Structures are given as C-alpha cells and as structure tokens.
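Written out below as structure tokens is the structure these notes cover.
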Amino acid sequence: MNKQNGRDWLAAGAHSTDGKGKSTAGARDILVFRGAEYWPTPEAVIREVHAQGLSVRIPRNNIPSGLVRGLSRIALGHIKAVMTMERGTEDELRAAFAALGDPQVDAVLARTYEHAPSRWLEMPDSDAKREILERFGVKFSPGIFAYCYWTGTTYYLKPDEEAAPPDLAAKGVVAVRGVIADTGEPLPLADDERRQMEDEEEWIR
Amino acid sequence: MSDVQVRPVTRRGCGYPKPGGVYLESQGEVGGTLPIIVVIDPPIPHDHFHRGWVYIDLDDMLAKRQVSYVGTSVVSAEEWHLRQTYQRIARDVFGEGVRIKDGQVIRFRDTAARILVNAGWQPGGIAHARQAAQILRAHAGELAACVEITQARPQVE
C-alpha cells in the first residue's frame, strides 16, 4: 500500500454513505433547482450566495428531516448548468468572441467566473452570439453546479405573529422577523398575501 | 419582550422573503470556517428537473465523477471537507473533545497515512478499519501536535 492509498482509505472511511443519501455521520443532503426565470445563469446564483447567503423557499408542509447543521449540503441545480461543445475548443470559442471587437463582449470575456460556462450564457444577445454558439455546437443542459452547507430553516413571521406556528417550531424551524435592509420597513405583505397563497397552491400541485 | 431575531434582508433574484414562508438557509459561519458556496467543476448532469427539494446521495454523485472544487471558496471548502473526514479519525484516536488544530488538517492526514503505510496496514473491511484505529492510537504521539483539547473529558469514577 502506498501513501496515496492510505489517504484514499482515510477519506473513504469517513465519507461513506448508506446508499440512501445519508452519510455515516447521519447527515442527509438535498437538491434544489434555481429557476432560470429569476437566475438566468448559475453564476447569477453564485453571486447572490456570496453576497447574501443561500435562501430557498420550501413548502411549509414538507420540511426535510435528518439535516445536520454544517454537515448536510444543499446541492444547487440549474437548467443550464452543463455545457457541451460539439466542435472546437473553449479557447477557440473565446477567440471567436474576442474577434467581434465588441466592448460589451470584451467586458464579459474579462470577468472572473466561478461557473465557467456561465460566461457564454452572459454574452450580450446578438445574431453574432447565436452564430458563434451554433458554429461550435454549444448546448446547455440541467445539472448540479455547486453546493452550500445547510445552516438552518427559517420562518418569516407575518406582522401579527410573535412566534413560528407550533408545527414548524416542533421541527426546529426558527422564526425571524424580516425587515427591508435599506429602509427598516416590514417586508411587504399586501398583494403578496394573495401571491403567497397562489404560491402555496402551486407547491401543493 | 419578544426575543425573535429581526433580520434585515435585501432583494434576491426571486424578490424579498415572504412573510409566512419557510426557507432553507446557508449563511456561512462567523469566522469563515464554513464555506458559503462550493462550486464544482465540471457540473454533474442531472435531468430530473423539479420544483421543491429532493433527498440525494451527494457523496455518491461526487464520487462517480472526477469533479474538483473551484471558485473563491475553494480553500475554505477543501479545508472544511477534509476536516469533516479527519476530525472523526482524530476522535477515534484521542477521544471526544479533541479537534484538529486550524491549519493542521493536511498534516494530520499525511501523518496518519504515513503511520499506516509504515505499519504495513492494508485497507478493506470493518475489522481492518478497527485495526487502523489501533495502529493510529499506538502512534498517537506522532499525531498529538496536530490536535488540541476543546473541552474537559468526563471523569470516570
């Protein structure tokens, strides 16, 4: 046995799972998708998480169990996470965009990306962009691009509430009162009440 | 007086949090020991697009593909990931209430691997895992510099 094998075993021994999504440490992991309607690219999700942390709304009648703070992970999926190229290389793709001589394109080429394929998604829309992506046979498909460590489940109180509903509190859900950071005003509820009810109906469907 | 936390929030991609809504959160951790987001490269294809959440076996998914961690959280992510692995081994060797010192995770890993190699230990099976723990306990002195006691151990009467 060499030293590398020793490391491999040490790593495998502590990270093995029971085949049902539960690690030997007893922590479960979950997957959520971030919608392209609100986050056009995986990089948009990454930027938001860096700035504000991750917050994922879930139906209140379906709270995951078996999550362990700091061990359980929330895997993040996006409908355009995986990029495939039928022709050429990524260097050639970059060169094709650079040859356009468009300052807006150059600005995207100069940006730093943690999710590399997002660069091509964030190129300004134009006939030239479509032509280049088509020429290289670039396609995007759903996949998992990142994960975050779960740190808790939160219930945002309504104005007339002082605590989380008992059924949620019993599941370890912690109540917070959200206020708008810029103004200190309570979170809007008026026409959201209706939208919220619609949302919950949608969850149930 | 209410002891409910008041949380200032800013607008997200999907707007403000909704009063009456339940949210799974990942807020990192004070001191930066817990990475805020771990980006994997390449992404893992997953065609089962869905709303809401589902349980997954993430370790299994990661193990089946040659992914690496990328992005600005990569250093803290690797350190965190390794710590989850080797902290358990440190407890097996030294007992509860012992943690690997900050910045010593990789040294602990390499030292433990070297001890096992030098002892002629071979991987495979639960019995072998117990044997590995015994070997490491016998050489605990070599690992001791990498760990610290974080709480008093219970007195045995």
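Laid out as a table, the results:
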quantity	calculated
Pairs with Cβ under 6 Å, 6+ apart, first in segment A:38-54 and facing chain B (nearest Cβ under 8 Å) and without any contact (Cβ under 8 Å) to a residue 60 or more places away in the chain, second open to solvent by less than 20 Å² (accessible area, probe 1.4 Å) and assigned to a helix (DSSP H, G or I)	A:Trp39/A:Val45
Pairs where the first residue, in segment B:88-101, is within 14 Å of chain A (Cβ to nearest Cβ) and open to solvent by 60 Å² or more (accessible area, probe 1.4 Å) and the second is among the basic types (Lys, Arg) and assigned to a strand (DSSP E or B), C-beta under 9 Å, 6+ apart	B:Arg91/B:Arg99
Residues of segment A:40-58 that turn out to be in contact with an Asp or Glu (Cβ under 7 Å, 6 or more places away or on another chain) and not β-branched (Val, Ile, Thr), as a count	4
Selection count where residues are in a helix (DSSP H, G or I), loosely packed, with under 14 Cβ neighbours inside 10 Å and in contact with a helix residue (DSSP H, G or I) (Cβ under 7 Å, 6 or more places away or on another chain), scope segment A:122-138	0
Subset of segment B:49-66 (residues that are within 7 Å of chain A (Cβ to nearest Cβ), under 17 Å from A:Trp150 (Cβ atoms) and out of contact with any strand residue (DSSP E or B) (no Cβ under 6 Å at 6 or more places or on another chain))	B:Gly52
Every residue from segment A:82-121 that is open to solvent by less than 40 Å² (accessible area, probe 1.4 Å) and assigned to a loop (DSSP other than H, G, I, E, B)	A:Tyr113, A:Glu114, A:His115, A:Pro117
Qualifying residues in segment A:55-81 (those that are open to solvent by less than 10 Å² (accessible area, probe 1.4 Å) and in a loop (DSSP other than H, G, I, E, B)) - the one nearest to the other protein chains (Cβ to nearest Cβ)	A:Gly70
Scan of segment B:119-139 for residues that are part of a helix (DSSP H, G or I) and either closer than 24 Å to A:Ala27 by Cβ or within 10 Å of chain A (Cβ to nearest Cβ) (or both), ordered by number	B:Ile126, B:His128, B:Ala129, B:Arg130, B:Ala132, B:Ala133, B:Leu136
Odd one out for A:Val45 among (1) part of a helix (DSSP H, G or I); (2) open to solvent by 30 Å² or more (accessible area, probe 1.4 Å); (3) modelled with pLDDT of 95 or more	(2)
Verdict on B:His46 being surrounded by 19 or more Cβ atoms within 10 Å (Cβ to Cβ), within 8 Å of chain A (Cβ to nearest Cβ) and at pLDDT 75 or above	yes
Which numbered condition B:Phe108 misses (of (1) at pLDDT 85 or above; (2) among the aromatic types (Phe, Trp, Tyr); (3) more than 22 Å from the chain's Cα centre (by Cα))	(3)
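The values are calculated or read from the model by the stated rules, or taken from the named source; none is laboratory data. Just so it is clear, the model here is predicted, and its values are computed rather than measured. Cβ coordinates were reconstructed from backbone atoms using ideal geometry, including for glycine residues, and neighbour counts include every protein chain displayed. The accessibility values were calculated without ligands, DNA or RNA, using every heavy atom of the protein model including side chains. Shrake-Rupley method; radii C 1.70, N 1.55, O 1.52, S 1.80 Å.
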